[in-house]
Amino acid sequence: WFVGQQNHYLARFDPVTEKFTQRKLGDGAGPHNLIVGADGIVWYAGNKRGDIGRYDPHTDDIQKIKMPNADADDPHTLIFDRDGHNIWFTVQWGNFVGRLNIKTRDVDLIRVPTDDARPYGIIMAPDGAPWIALLGTNKLASVDPVSLKLTEHDLPEPETGPRRLVA
């Protein structure tokens, strides 16, 4: 699976048949990334429409979960938590880290206290806490998954600008 951000589609390449299948989103979603659950459901960040999409390739059904705050209009990078019950994500220009409960579709948004921090890459630590690269800073952030308290961690070089993290 992959996204076509500028042309607003999801697509899949089957290496056995060497065929591509494309699903146009048709709404200017600008999908930034996607993740696929164990159940085959595709979740994508509607980076230009302020939503997270859920695509069922078996039924061709798309559901969209709008962000509960208009400032969070650019969901960016998605990742499942360890149990697959929640999707954590970044909101780069809105300056949030978010959590979507897959079952209830409830969205929690945590504002990053540093202005223009630009949360970007995100990974899950072994203890279940998401860690986030704050591209507009020299910091990383972590979030307590129970209390949703966000902690910023300074990096030694002032011009670092971390973009991605790898576990």
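The values are calculated or read from the model by the stated rules, or taken from the named source; none is laboratory data. A quick note: this is a predicted structure, and the numbers were derived from the prediction, not measured. Counting neighbours? That spans all protein chains shown, and the Cβs are built from the backbone with ideal geometry, glycine included. These area figures cover heavy atoms from the full protein model, side chains too; ligands, DNA and RNA do not enter into them. Shrake-Rupley method; radii C 1.70, N 1.55, O 1.52, S 1.80 Å.
Below are the figures for this structure:
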item: Positions within the stretch 11-55 being free of Cβ contacts under 8 Å to residues at least 12 places away in the same chain, polar (S, T, N, Q) and part of a loop (DSSP other than H, G, I, E, B), in sequence order; result: THR17
item: Set GLY40, GLY98: member being open to solvent by less than 30 Å² (accessible area, probe 1.4 Å) and farther than 23 Å from ARG164 by Cα; result: GLY40
item: Residues of the stretch 43-91 satisfying the condition of being of a type in the set (A, V, I, L, M, F, W, C), surrounded by fewer than 21 Cβ atoms within 10 Å (Cβ to Cβ) and closer than 12 Å to VAL107 by Cα; result: ILE65
